[in-house]
Amino acid sequence: MKILVTGFDPFGGETVNPAYEAVKLLPDTIGGAQIFKLEIPTVFSLSGPAVEEGIKKYQPDVVLCVGQAGGRASISVEKVAINFVDARIPDNNGEQPLDEPLQADGPAAYFSTLPVKAMVQHVKDAGLPCYLSFTAGTYVCNSIMYNVLYMCEKRYPGIRAGFIHVPYACGQVIDKANTTPSMPLETIAKSLEYAIEAIAIDRQDSGESAGELH
C-alpha cells in the first residue's frame, strides 16, 4: 500500500504549520505501507492541483491531507467535507472566496472514504487523545478535503481519501492566551502515525457511536 500524506505551509501570520512539520517527522513506512510526504500551499486555487500532481507522481492507494486547527486540543479525524467556502481571512495568495460552492457540479458534501472511527480508536488505544470531527470548517482545509474526494470520484476512483486536523504546536502559543491548547510536535506526529497505521493494517470501523449532542 502507498499512502500520500500532505500538509499545508504556514498561514494566518504563523511562522510554522504543525501539519506539515508533523508530517515530516513521520517514518517512511507505517504498518507496512509506504509513506510519501508532500507540502501543499494554503491557497484555494493551488492546493487541489498540488495534491493531484502528487497523485500522478506517487500513484497512491490513499491520500490523507493534514491541516492546522488552532484551538483544538488534539488531532481530530474529519468525517465530512461540504461543498461550500466562506473564507474569514485571505489565503496565502490573497484569495478570499465568500459564500460560494467549491464545485458547481459537486454534491452538497462528501464523507471521508477512510475508516475514521477506527483511526480515532487506534490513536486512543495508543494512549493519545483523538476525536471524530463533523466539521472541517469553511477554509482551505475543508476545501482540500472536498476537492480531493471530488477528484477521486471523478478521476481516481480507486483512491481513498480523508483529512485530519492537528492542534497548535507548543511553540505557537507562547504569545497567545494562556488557555490556548497546544501539543508537542512529536506527539502530533505520533498521533498521525497511529491514525495512518489504522489505515495501513485495514482496521475496520466499529459499530459504536462517535456522534455528538451539540
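The values are calculated or read from the model by the stated rules, or taken from the named source; none is laboratory data. All values derive from a computational prediction rather than experimental measurement. Every residue, glycine among them, receives a Cβ derived from its backbone with ideal geometry; neighbour counts consider all protein chains shown. Quick note on the areas: whole protein, heavy atoms, side chains included, nothing else; ligands and nucleic acids left out. Shrake-Rupley method; radii C 1.70, N 1.55, O 1.52, S 1.80 Å.
Here are a few things to note about the model shown:
- Here the simple spin-label model places points 7 Å from the Cα toward Cβ, and for Asp28 and Phe134 these points are separated by 4.2 nm.
- Zone of Arg155's modelled label, taken as backbone nitrogen in region 13-49 under 13 Å from a point 7 Å along Cα→Cβ: 46-49
- Near Gly70, once Lys and Arg are set to +1 and Asp and Glu to -1 for all other residues with Cβ below 11 Å from its Cβ, the sum equals +1.
- Cleavage-rule hits, trypsin sites (Lys or Arg not before Pro), region 41-143, DSSP coil, Cβ neighbours within 10 Å at most 11: Arg88
- Between Ile55, Ile35, Ile89, the Gaussian network model of the chain with springs among Cα atoms under 10 angstrom shows the greatest mean-square fluctuation at Ile89.
- The share of C-alpha pairs in region 105-209 whose separation exceeds 19 Å stands at 53 percent.
- Accessible area per residue was computed with a 1.4 Å probe on protein heavy atoms; Asp202 scores about 90 Å².
- Computed helical MRE - 222 nm, the chain, DSSP H runs ≥ 4 contributing -39500 (n - 2.57), nearest 500: -9500 deg cm²/dmol
- Residues listed by number, region 52-93, amide nitrogen under 14 Å from Thr180 label point at 7 Å toward C-beta: 69-73
- Longest site-free stretch - the chain; sites: GluC sites (Glu not before Pro), DSSP loop, at most 10 other Cβ within 10 Å: 1-207
- Inverting the pair-averaged 1/r between distinct Cα atoms of region 73-157 gives 14.0 Å as its Kirkwood hydrodynamic radius.
- Computed over region 1-103, the range of Cα coordinates on each principal axis works out to 42, 30, 25 Å, biggest value leading.
- Inter-part distance, region 1-62 to region 74-112, computed on C-alpha centroids, equals 18 Å.
- For the chain: relative contact order, % (alpha-carbon pairs under 8 angstrom, 6 or more apart): 28 percent
- Extent along the principal axes, Cα only, for the chain: 45, 40, 38 Å, with the longest axis given first.
- Value of D in µm² per second that Stokes-Einstein yields for region 20-62, Kirkwood Rh from Cα pairs, at 10 °C (1.306 mPa s): 138 µm²/s
- Net charge over other residues, Cβ less than 12 angstrom from the Cβ of Val116 (K, R count +1; D, E count -1): +2
- If you sort the three axes of the alpha carbon gyration tensor as a ≥ b ≥ c, you get a/c of 1.5 or more for region 147-204 and a/b no higher than b/c, which makes it oblate.
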